[in-house]
Structures are given as structure tokens and as C-alpha cells.
Amino acid sequence: MHAPHLARASAAILMALALTAHAQEKKPVTEPELKYQAGASPLAGEPMVQSTNPKAPPMTQAEFDVARKIYFERCAGCHGVLRKGATGKPLTPDITIPKGTDYLKVFIAYGSPAGMPNWQTSGEMDEKTVDLMARYVQQDPPQPPEFGMKEMKATWKVLVPVGQRPTKKMNKYNIENIFSTTLRDTGEVALIDGDSKKIISIIKTGYAVHISRVSASGRYLMVIGRDAKINMIDLWMEKPDNVAEIRVGLEARSVDTSKFKGYEDKYAIAGSYWPPQYVIMKGDTLEPLKIVGTRGMTVDTQEYHPEPRVAAIVASHFKPEFVVNVKETGKILMVNYTDINNLQVTEIPAARFLHDGGWDSSHRYVMMAANQSNKIAVVDAKEGKLSALVDVDKIPHPGRGANFIHPKCGPVWATGHLGSEKIALIGTDPAKRKDYAWKVCEMVDGQGGGNLFIKTHPKSKNLWVDTPLNPDPKASQSIAVYDINNLKAGFKVLPIAEWAGISDGGAMRVVQPEYNKAGDEVWFAVWSAKDKQSALVVVDDKTLKLKAVIKDPKLITPTGHFNLYNTQHDVY
């Protein structure tokens, strides 16, 4: 071996040993975190141009295209579309080229305790792919196309004009107890009758619908896919179906509608991961009216960030405002829609990596998780200001959270965590329980990390916590349930996947407890692979006994499911 090659190889071996030693010294990132962060991006299929950097190692166009696809499927969720860094470190050429290919190969192969997956030693990548990716991250990052008003209007379709829609409800369904269930891998949602437990219809949507939201009147259902396609479904039709659709970008997560009195159903809003922006639309047709970019400075170091993704959006009950989470910059925007031509936006500094969240029981305070900062930001929607930043455990992921009355602390809002088994209960009554307000009143132990959703209901005494991303099948295929009046007694484990009675469900995961309108049933998705059978399992909230199993060949990869009444009225 020639001396330069020997030196590089030696450096690589030393680096591997250093990383291994470091991993033993420091607790490594958990498998649930890796599963969550390394999610695929729809941008993998978007055309992008290779920009040749003369200092970077050579790559053919074919190699570049393969590596770019892998990057957006495996890496962009952490390192960002432009590789400027998000929850992961920046990977721009000014950083990667001086490191060199051999160093980067070891880093990609072995990972790091700070959160980099060990792509080669885990078997996810072979040596050839690791070499390809080490050379790719030294190239100039390709930029996906922007998506402005022209592009939005080219995708906008009003399938049924407002004048041709029903003037009254034309079906006999109990709309308030319908569930909208995401069929993740088929690009559909299933509308399921919560009373009869039968599928009403399967409706074509965008890919991997992230959430379902209901208009203030309860008539329209809005769903948004990860590919940024929004479908608007009219629930008054004889058979509910799409009446309008639009793409608001290339990748997205959030949609909601105006709820303040006098503005019911007037506006809809959606936020994009790429491009980093949000758009306000007409609430009955989805016609795009106003696009606002979110690129700007971070709240901590006040450095410019080119890719602050828009995460959760909720509609205020106190003012004509939308509450918009801007992930990478850590800003919560109160977007006043009274006059969208002269838009007024109140910018509230919180903490970086804002993700999901929901309202406290009074609907005055919105609780937003800054997940990689391990904090919950509390915003007073009435006063329009930050009330507190509450330290919780590792990577809070509340969904919309859970509200209940704690025996000691009074009203609390709860979140689980992706990175630990803890469940944090935060006091939410500054008027009557000032000593407990905006503090962790109690930290409860759960089954383990990998929690995505936590749920209760005003009429229930139970708190339900899922763990679908936990590496242990015993945890990922079951649910933990607590008596909120006796939390110290710990949790009971219900074998939800086993109750589904699926003979070959593969790696089943139980996800998202969701109540019916009455608050006496809890629904769970048993999420299996695309080529395996899945199911929905319904449990009696009072007895904790199996009540029903919903199976159908059309229920493919069910994940999120949303009761329309509870979603409309923010009951959780």
C-alpha cells in the first residue's frame, strides 16, 4: 500500500476506534429517535441539477442521482434539504471537503452517539453506498425548485363548485362520530362510521396523509399529505368526497381552518417543509390567496437559516389568528387573518425545533413541543405572548397532548417522549393553581421511549400512551393505560395487536389512541406493512375490554385516525 493510502486508512481506523470509544462513554441516541428522524422525504423524486464543485471528489451524473435519492430518503429529515443542518449537523462542502472522503466514510459507517445512525454496521448501507454518500455530501447541495403562486394555481382544482354542492346534509351518517383514518402507503383516507364501525368510503388523497382537520362548521374535512397535497372533503354529500384540491409545495405537514367567531370556514392555512412557507387559502375552495416565507434568523444565535420548516398549525379560539410553528428558527407566529392583504404577524420567540402541540383545557394557552430542545413552549393566545418555556425530558412528542385534572396540581396537560419512557404533566391553571402553573407537576414512567401520541377525554378517567417506535415488539404492539386519579399505581398493558387477531401482520405497530365523540371508546390503529393485514381495534374505555376489530382488505397501512367532533372542537 502506498504511503498516502496507508495514512488515510490508518486515519480511518483511528477515527472508527475513537467513535466506538466515544459511544461507550456517552449514551447513544435511541433507536426510536433514529426511526423518527430518518423518515423519507417526497423530495427524493423531484428533479434537481448537479452543480460540480472542482474541490469535491468526482461523481458521475448517475452516481449523483442515486446518492441524491438516498439522501432525501434517509438523511434530509435531520440535515435539511439544503444540508444546512436541522436537528442534525450541517453537511455543506465548506465543512465536508476539508474532512475528506475517508473520514466521512467512517462517520457514515459507524455513526456517532450524538445521533448519526451507523448506516453500514447496522446493515442499512453497504460499503459501496457509504463511499457514494461520502462523496455526495462533498458536492454542492442541489436545491429543489421553489413553489409559488403560479405553481400552486397550476395544481388547484375545484372539483365541485360551491354553487353545485348540497345546501343541506344529504346523508344519514352521524358526521360528528366519523373517523378519518390515514391509509399511509396508498395515498388515501378511509372515512369510518364510528357508530356502525363500517367503512363509509375510501377517498384518494396525497401521499402519506399527515393529519386530518375539520372546518369550524364541521362540514368540511381537510387532509394534507407529506407531498403537500391538500384534499377538501364535503361531509354533507350523499357519499362524502373531494370537492377541491391543491398542492401547496413539495413537502408539507400541517393544515387547519379559521375558527374564530365570524370567520368560520372563511380561510384555510397550510404550512410547508419545502419551500419553507405557509399559505392562506379560501376556506370553501382552497384558492390560494397569500403566501408567506419563513426564512430568517434563529431565536438563539440569531443566525440566518435558509430552511425553517413549518410544522404544527392550530387555529385560535380567542382571536382571528392562526398559531404557526416555525421549526428550525424556533418562532411561534400568531398570524392575524382579519385583513390578509395587510397581514399582521406577531412573532413570539420560543425554542428551536418546534414541532407539534395543542391547546390546554381552557383553549387559551397553546402548548408547543420544541422537540430537540427538550422544552414545551406555552403561548397565551389571549395576550399574544410567551408565558413560559418548560423543560421536559428527551424529545417530547405530544401529538396534541392530553388534558385532565390532576389530584394535586389541578388542570394539567401531558406529553410523552420519543427519547425516553417519561410522561411529563404540566400545570395549566395560573389563576387558581399558580404554584403549579407552567411547571412539571409530575413525571410518570411509561413502557419506554418511542411514544408518538398520548390521549384522554373529559368524560374519561384513563390516560392512554402508545409506543409504536419502541424497538421492543412487546411495547410497540401494546398500549399503556393509566388511571389519572391513581397515577402512582402505574400502568396496565393491553395487547392491542394480539387482540386484532392478525395471523401474519409482520412488524405490527399500535399507534394513536383516539376517542369517539361520546368518550366511551378508544380506537387504535394496528399498523402493518403494505403487503400485510392491518386493523383498527376499539376498546371500551370503562372496562378496558376489547369491543370491536375492524378489518378490511382496503385498510392498508392505517396510521393516524381522527374523530371529527373531537378534532373540530379540540377535545383531547
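I'd like to check something: does segment 383-397 contain any residue that is under 19 Å from Ile269 (Cβ atoms) and surrounded by fewer than 23 Cβ atoms within 10 Å (Cβ to Cβ)? Within segment 383-397, one or more residues are under 19 Å from Ile269 (Cβ atoms) and surrounded by fewer than 23 Cβ atoms within 10 Å (Cβ to Cβ). All conditions in (1) assigned to a helix (DSSP H, G or I); (2) under 23 Å from the mean Cα position of the chain (by Cα) hold for Ala480, with the sole exception of (1).
A single entry from Met125, Met133, Met149 fulfils the requirement of being loosely packed, with under 15 Cβ neighbours inside 10 Å and hydrophobic (A, V, I, L, M, F, W, C): Met149. The residues of segment 507-559 that are more than 25 Å from the chain's Cα centre (by Cα), closer than 22 Å to Thr205 by Cβ and open to solvent by 50 Å² or more (accessible area, probe 1.4 Å), listed by number, are Lys551, Pro553.
Scanning segment 403-444 for residues that are among the aromatic types (Phe, Trp, Tyr) and open to solvent by 30 Å² or more (accessible area, probe 1.4 Å) turns up Tyr436, Trp438.
Among the residues of segment 330-358, those that are part of a strand (DSSP E or B) and touching a residue at least 60 places away in the same chain (Cβ under 8 Å) comprise Val335, Gly358. Mind checking whether some residue in segment 297-309 is open to solvent by 40 Å² or more (accessible area, probe 1.4 Å), in a strand (DSSP E or B) and hydrophobic (A, V, I, L, M, F, W, C)? Looking for residues that are open to solvent by 40 Å² or more (accessible area, probe 1.4 Å), in a strand (DSSP E or B) and hydrophobic (A, V, I, L, M, F, W, C), one finds at least one in segment 297-309, hence yes.
Pairs meeting the criteria (first residue in segment 471-489 and farther than 19 Å from Gly419 by Cβ and free of Cβ contacts under 8 Å to residues at least 24 places away in the same chain, second residue open to solvent by 70 Å² or more (accessible area, probe 1.4 Å) and part of a helix (DSSP H, G or I), beta carbons under 7 Å, at least 6 apart or on different chains) are Asp483/Ala489. Among the candidates Thr96, Thr101, Thr52, the residue that is open to solvent by less than 40 Å² (accessible area, probe 1.4 Å), in contact with an Asp or Glu (Cβ under 8 Å, 6 or more places away or on another chain) and of a type in the set (S, T, N, Q) is uniquely Thr101. How about segment 341-355: which of its residues are over 17 Å from Ala252 (Cβ atoms) and open to solvent by less than 20 Å² (accessible area, probe 1.4 Å)? The answer is Ile348, Ala350, Ala351. Scanning segment 152-172 for residues that are assigned to a loop (DSSP other than H, G, I, E, B), open to solvent by 70 Å² or more (accessible area, probe 1.4 Å) and of a type outside the set (A, V, I, L, M, F, W, C) yields Thr167, Lys168, Lys169, Lys172.
When residues in segment 418-463 are screened for being farther than 17 Å from Lys408 by Cβ and of a type in the set (Asp, Glu), 2 of them pass. Among the residues of segment 335-350, are any over 22 Å from Ala228 (Cα atoms) and among the small types (Gly, Ala, Ser)? Within segment 335-350, one or more residues are over 22 Å from Ala228 (Cα atoms) and among the small types (Gly, Ala, Ser). Among the residues of segment 268-321, those identified as of a type in the set (Val, Ile, Thr) and either over 14 Å from Gly249 (Cα atoms) or in contact (Cβ under 8 Å) with a residue 60 or more places away in the chain (or both) are Ile269, Val279, Ile280, Thr285, Ile291, Thr298, Val299, Thr301, Ile313, Val314.
Leu286 passes every criterion in (1) assigned to a strand (DSSP E or B); (2) open to solvent by less than 10 Å² (accessible area, probe 1.4 Å) apart from (1). Taking the criterion of being within 20 Å of Ile395 (Cα to Cα), open to solvent by less than 20 Å² (accessible area, probe 1.4 Å) and not polar (S, T, N, Q), the residues of segment 464-487 that qualify are Trp464, Val465, Asp466, Pro468, Leu469, Ala475, Ile479, Ala480.
Residues that are in a loop (DSSP other than H, G, I, E, B), modelled with pLDDT of 95 or more, crowded, with 22+ Cβ neighbours inside 10 Å and of a type outside the set (S, T, N, Q) do not occur anywhere in segment 260-273. For segment 143-150, the count of residues that are free of Cβ contacts under 8 Å to residues at least 24 places away in the same chain, over 30 Å from Gly206 (Cα atoms), part of a helix (DSSP H, G or I) and not acidic (Asp, Glu) is zero. Looking only at residues in segment 188-215 that are in a loop (DSSP other than H, G, I, E, B) and open to solvent by 10 Å² or more (accessible area, probe 1.4 Å), the one that is nearest to Gly399 (Cα to Cα) is Tyr207. Scanning segment 356-366 for residues that are open to solvent by 20 Å² or more (accessible area, probe 1.4 Å), modelled with pLDDT of 95 or more and under 25 Å from Pro142 (Cα atoms) turns up nothing.
The values are calculated or read from the model by the stated rules, or taken from the named source; none is laboratory data. All values derive from a computational prediction rather than experimental measurement. Neighbour counts run over all protein chains shown; Cβ positions are idealised from the backbone, glycine included. Only protein heavy atoms, including side chains, enter the accessible area calculation; ligands, DNA and RNA are left aside. Shrake-Rupley method; radii C 1.70, N 1.55, O 1.52, S 1.80 Å.
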